[in-house]
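Encoded as structure tokens, the structure appears first; notes follow it.
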Amino acid sequence: MKYYAVIDTNVLISALLSKNEASATVKVLDAVFEGRIIPFYHQDILAEYEEVLHREKFHLQDKTIRLVLNAFIQYGIEVFPQPTGEVFIDMDDLVFYEVAMEKRENNAYLVTGNQKHYPFKDFIVTPAEMIKIMETGEKGKKE
């Protein structure tokens, strides 16, 4: 089964920096490369990925960053969302939310390690929750 998701930048960073191949963030990124997660993206999301992943403190090779960005473009679907009118503490997060909202008819998820940055919605999930959904078909209860 294929799943549709908007992947927050923090998930990519965690996956690329992780030494643990079994971590949920690594599994989410692997699922993109395997075609099990179809990423939804917008040019603003790609621009943020590129800017953040190139930050010196992460020490990521340009080759690795290109591979990830190209995978999102090749395997993903570009979305042109309608404005939701939502106001976020960090307005850079808004495009991730709006892309997910635009594709709710596709059961799109927003996968993030920073749920507190977003409204409480059942489609906004952690990497571990996304993996559970993919493995079991159910998300479990939010507390």
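Each value in this text was obtained by applying a stated rule to the coordinates, not by laboratory testing. All values reported here derive from a predicted model rather than from experimental measurement. No Cβ is skipped: glycine too gets one built from the backbone with ideal geometry, and neighbour counts run over all protein chains shown.
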(request) State, as an integer percentage, the relative contact order of the range 27-143 based on alpha-carbon contacts under 8 Å between residues 6 or more apart. (result) 23 percent
(request) Taking each pair of different alpha-carbon atoms in the range 3-136 once, compute 1/r for the pair, average those values, and report the inverse of that mean as the Kirkwood hydrodynamic radius in Å to one decimal. (result) 14.8 Å
(request) Mind telling me which of I133, I37, I45 comes out most flexible in a GNM of the chain, alpha-carbon contacts under 10 Å? (result) I133
(message) Report, in listed order, any pair from K2/K103; K19/K121; K2/K57; K57/K116; K57/K103; K19/K103 with a Cα-Cα distance greater than 26 Å.
(response) K19/K121; K2/K57; K57/K103; K19/K103
(request) With both partners inside the chain, how many of the DSSP beta bridges are antiparallel, as a percent to the nearest 5? (result) 0 percent
(request) Filter the trypsin sites (Lys or Arg not before Pro) in the range 56-143 to those in DSSP coil with at most 13 other Cβ atoms within 10 Å of their Cβ, and list the result. (result) K141, K142
(message) Can you classify the range 70-143 as rounded, prolate or oblate using the Cα gyration tensor, where a ≥ b ≥ c are the square roots of its eigenvalues, rounded means a/c under 1.5, and otherwise it's prolate if a/b beats b/c and oblate if not?
(response) oblate
(message) From the phi angles alone, apply the Karplus equation (6.51, -1.76, 1.60; θ = phi - 60°) to the range 11-19 and give each ³J(HN,Hα) in whole Hz, x where the residue is Gly or Pro.
(response) 5, 4, 4, 4, 5, 6, 8, 5, 9
